[in-house]
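Contents: one structure, followed by commentary.
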Amino acid sequence: KRLPQAAADDLLDVILERYRHRKSTMITSNRPIEDWGKLLGDNAAASAILDRLLHRGHLLKFEGKSYRLKEASKRLALEKKNN
């Protein structure tokens with residue numbers, strides 16, 4: 001699934017402005033950075049966005065099951081046990 005064409009340009013504008021003023025920016029995504037060009041539908045914009053975000057930023061990568069899924073599984077197990 002791709003975002004609307006304007007999304008890449010809009011996000012790039014925001015990131016460029018924040019980068020220029022050295023403002024903190026946090027972005028979360030469940031998509032690997034290798035997929036951002038395809039997701040945004042614009043490889044050049046995705047590259048520019050990632051260039052600025054990663055230049056002075058930190059990339060935290062988490063792997064494993066979602067805590068929400070883990071909690072839902074526990075809740076379902078308790079409900080099953082109580083029924």
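The values are calculated or read from the model by the stated rules, or taken from the named source; none is laboratory data. Quick caveat: nothing in here was measured; it's all calculated off a predicted structure. A quick note on method: Cβ atoms are made from the backbone with ideal geometry, for glycine too, and the neighbour counts reach across all protein chains shown. Heads up: the accessible areas ignore ligands, DNA and RNA and are worked out on the full protein's heavy atoms, side chains in. Shrake-Rupley method; radii C 1.70, N 1.55, O 1.52, S 1.80 Å.
Ranking His58, His21 from most to least accessible surface, computed with a 1.4 Å probe over the protein chains only, gives His58, His21. The angle separating the long axis of helix 5-20 from the principal Cα axis of greatest extent in the chain is about 70 degrees. Placing unit charges on the Cβ atoms only, positive for Lys and Arg and negative for Asp and Glu, gives the stretch 6-82 a dipole magnitude near 680 debye about its Cα centre. Per q in 0.12, 0.13, 0.20, 0.25 Å⁻¹, report the Debye log10 I(q)/I(0) for the stretch 2-83, using one uniform scatterer on each alpha carbon and no solvent. The calculated log intensity ratios at q = 0.12, 0.13, 0.20, 0.25 Å⁻¹ are -0.50, -0.55, -0.91, -1.22. Rolling a 1.4 angstrom probe over the stretch 6-82 with all protein chains present gives an accessible area of which 53% lies on carbon and sulfur atoms. Rolling a 1.4 Å probe over the protein heavy atoms gives the chain an accessible area of 90 Å² per residue. Comparing Gly57, Leu76, Gln5 along the charge dipole axis of the chain, the residue lying farthest to the positive side is Leu76, per the Cβ-charge model.
Estimated at the nearest 10 Å², the accessible area of Glu17 is 80 Å² with a 1.4 Å probe.
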